[in-house]
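Here is the structure we will look at.
The values are calculated or read from the model by the stated rules, or taken from the named source; none is laboratory data. Just so we're clear, the structure is a prediction, and the values are computed from it rather than from any experiment. Quick reminder, even Gly has a Cβ in these numbers, built from the backbone with ideal geometry, and neighbours come from all protein chains shown. Ligands, DNA and RNA are stripped out before the accessible areas are found, and what is left, the full protein with its side chains, is counted by its heavy atoms. Shrake-Rupley method; radii C 1.70, N 1.55, O 1.52, S 1.80 Å.
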Amino acid sequence: MTRTVLTRASLVAEYVKKRPGSKKWHDRAVPLFPANGATHSARLLDPFRPYITHAQGVKKWDVDGNEYIDYCMGHGALILGHSHPAWVKAVQEQLAKGVHFGENHQLEVAWAELIKSMMPVAERVEFCACGQEANLIAIRLARIFTGRKKILRFVENFHGWADEVAPEGSAGVSTPDVKIIPMNSLNLLEAELATREYALVMTEGGGAHMAGQIPWDTEFIQAISGITRQYGTLWLIDEVVTGFRDDRGGWQAIAGVRPDLTSLGKCTSGGMAVGAIVGRADVFEAFNPRTPIEQRIRHTGTWNSNPLLSSAGVAACQLYQDGAPQKKAAEMAAYLRQEGNKILRQRQISGRLYGRTIVHLYLGPVDFEPRDEFSPPTRDVAKIMSPEMAAVKNTLCLHLLHHGIATMGGRFFVLSAAHTRQDIDKTMGAFASSLDDLVAEGLLVTTKV
Ligand SMILES: Cc1ncc(COP(=O)(O)O)c(C=O)c1O
């Protein structure tokens, strides 16, 4: 039987036809939200992403009643899956007791203690509203502690969108004190730090983009602590994505390193807006009210560790304690990688699925066989970030959505403890059929002769 090929044009037509409700909401959103109706750049898609009404476990449903297996998982925050019952119970109970006392409370202490128990570098904890805010606090702390201004960052490492953390080349950004260098070159790192002008080195946990689309070399990451100490610079690992996800101790536990500062977000609350900066007690003296005013940070923030958020954080961190959710998510990721790579091989599509609990899709030449399943088969950043392949992944994303599979841009599959082998089998059926359509339309080439 011959297979009908779903070309991009017919796919868009079918996709819109099956989603009249989402189309209506999209049309209402466009004049409101200037990014073609999207409220986050990761939710942009041509023609539109579906409008979701509710989610549970690993599934979510749109206004038209279409069901999706979710691999966005709250932009990485939901390692427990959607609305884990124990987490929901804790939050509901707190809702009835009060969401904001404008006072100190027990839950924030319990939450910080749980974080410290999992991540020993957290000698001190400062809660804030989101991950990028934690990174901005880290910059301020490092400047006060070192008396220096400059910040060293790495190509493609993502830390938020405000001036000093924004991606390289972002419009409207003024950052004379930020320098961005290529990843994984100890020589370049040392040459910069030897100037003794840098307050802080910032690295993304796991590597650039969602826990390591571009991974760190082990030797590089393990050398940073020594080099930064030698030149009087502080080192931050941004564990906003990786914190409590791949390991209860964060990515730093896997890498066997000890940064001065660590930023947290996402999984730290199990699904509510949160940020925290944690690290060395002496660096955090800037928050001490007895510190002279010229060395002090008066930290404000209406939502810092409010009771509702803290109830969510305590419930989530209690569930992370035994490492079971992380283990289950890693097992599901391994199964997805294995099955997905079989599909790529069978079709002779050059590429690889790789990563720990977030699986990245690489489409491009295989330059060598990586030594583990967490790395792509190339070290070439340009190949990993290829704009042509990003466009193919975007179309793949639309195909997958049409099959009821919601990924982050066809680029990342974010796994959780709620995913099952059956979910992944269904996902892989959709992946295979979507790839076949991309090949048949000539958008993706195979190495078949
Ligand atoms: C590594 C990393 N750091 C920081 C941030 C910013 O966190 P938030 O969106 O909570 O401000 C993100 C967001 O995706 C991230 O992936």
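Give me the accessible area per residue for segment 159-243, probe 1.4 Å, as a whole number in Å². Intermediate values should be presented prior to the final figure.
Details: 3220 Å² over 85 residues.
That works out to 38 Å² for each residue.
Distant-in-sequence amide contacts of Gly275, defined by a placed amide H-H separation under 5 Å and a gap of 5 or more residues or a different chain, comprise Cys128, Ala129, Cys130. Per-residue Karplus couplings for segment 125-132, computed as 6.51 cos²θ - 1.76 cosθ + 1.60 with θ equal to phi - 60°, are listed in order as 10, 10, 7, 8, 8, 6, x, 5 Hz, Gly and Pro entered as x.
For segment 254-298, a/c is not less than 1.5, where a ≥ b ≥ c are the root eigenvalues of the C-alpha gyration tensor, and a/b does not top b/c. That puts it in the oblate class. With a threshold of 28 Å on the Cα-Cα distance, the over-threshold entries among Lys149/Lys393; Lys179/Lys266; Lys342/Lys393 are Lys149/Lys393. Largest GNM mean-square fluctuation among Gly226, Gly340, Gly429, using the chain with Cα springs under 10 Å: Gly226. For Thr233, the accessible surface of its heavy atoms amounts to roughly 10 Å² (probe 1.4 Å, protein chains only, rounded to the nearest 10).
Taking θ as phi - 60° and the Karplus parameters 6.51, -1.76 and 1.60, the scalar couplings of segment 251-267 work out to 5, 4, 5, 5, 6, x, 10, 9, x, 6, 9, 9, 9, 10, x, 5, 4 Hz in sequence order, x denoting glycine and proline. When only alpha carbons of segment 38-82 are considered, Rg and Dmax amount to 10.7, 30 Å. Scoring 382-388, 105-111 by mean Cβ neighbours within 10 Å over their residues and listing the highest first yields 105-111, 382-388. Rounded to the nearest 10 square angstrom, Thr300 shows an accessible area of 90 square angstrom against a 1.4 Å probe. Once you have a ≥ b ≥ c as the square roots of the Cα gyration tensor eigenvalues for segment 46-192, tell me rounded if a/c is under 1.5, and otherwise prolate or oblate according to whether a/b is larger than b/c. Oblate, because a/c is 1.5 or more while a/b does not exceed b/c.
Computed over protein heavy atoms with a 1.4 Å probe, the accessible surface of segment 267-354 works out to 42 Å² per residue.
The slack in the chain from Thr195 to Met385, taken as 0.36 nm per residue of separation less the alpha-carbon distance, amounts to 65.3 nm. Modelled spin labels at Phe287 and Ala35, positioned 7 Å past Cα toward Cβ, are 2.9 nm from each other. Shown here for segment 393-449: trypsin sites (Lys or Arg not before Pro) in loop regions (DSSP other than H, G, I, E, B) with at most 11 other Cβ atoms within 10 Å, namely Lys448.
Pairs with C-alpha atoms separated by more than 18 Å, drawn from the list Lys18/Lys60; Lys23/Lys59; Lys59/Lys426; Lys60/Lys426, are Lys23/Lys59. What is the antiparallel percent of DSSP beta bridges lying wholly in the chain, to the nearest 5? Given both bridge residues lie in the chain, the antiparallel proportion sits at roughly 60 percent.
Its Cα centre serving as origin, the chain has a Cβ charge dipole (Lys and Arg +1, Asp and Glu -1) of approximately 640 debye. When the convex hull of its Cα atoms is viewed from all sides, the chain shows a mean projected area of 22.7 nm². Under the criterion of Cα pairs below 8 Å and six or more residues apart, the relative contact order for segment 1-115 equals 15 percent.
Reported to the nearest whole Å, the Cα centre-to-centre distance from segment 213-284 to segment 12-35 is 39. Measuring nothing but how far apart in sequence close Cα pairs (under 8 Å, 6+ apart) lie, relative to its length, the chain scores a relative contact order of 19 percent. Among the protein heavy atoms of segment 263-359, carbon and sulfur supply 50% of the accessible surface, probe 1.4 Å, non-protein parts ignored.
Comparing mean-square fluctuations of Thr420, Thr203, Thr53 from a GNM of the chain with C-alpha springs under 10 Å, the top value falls on Thr53.
Kindly report the accessible area of segment 1-92 per residue (heavy atoms of protein chains, probe 1.4 Å, no ligands, DNA or RNA), in Å². Show your work: numbers first, answer last.
Values: 5060 Å² over 92 residues.
On a per-residue basis, segment 1-92 sits at 55 Å².
Accessible surface comparison of Val381, Val445, probe 1.4 Å, protein chains only, largest first: the order is Val445, Val381.
Here segment 175-220 has 49 percent of its accessible surface on carbon and sulfur atoms, given a 1.4 Å probe and all protein chains in place. The long axis of helix 307-320 is offset from the longest Cα principal axis of the chain by roughly 70 degrees. Stretching the chain fully between Asp322 and Gln422 yields a gain of 33.5 nm (0.36 nm per residue, less the alpha carbon separation).
The candidates Glu294, Glu239, Glu164, arranged from most to least accessible area with a 1.4 Å probe in the full protein assembly, appear as Glu294, Glu164, Glu239. Taking the chain as a Gaussian network of alpha-carbon nodes connected by springs under 10 Å, the highest mean-square fluctuation of the residues Met202, Met389, Met73 belongs to Met389. Rounded to two decimals, the Cα-based Rg/Rh of segment 114-229, with Kirkwood Rh, is 0.94. Enter the angle in degrees (range 0 to 90, nearest 10) between the Cα long axis of helix 218-230 and the first principal axis of the Cα atoms of the chain, meaning the one along which they spread out most. So the inclination is approximately 20 degrees. The fraction of accessible area contributed by carbon and sulfur in segment 1-143 is 58 percent, rounded to a whole number (1.4 Å probe; ligands and nucleic acids excluded).
What is segment 1-60's relative contact order, in percent, from Cα pairs under 8 angstrom and six or more apart in sequence? About 24 percent, as a whole number.
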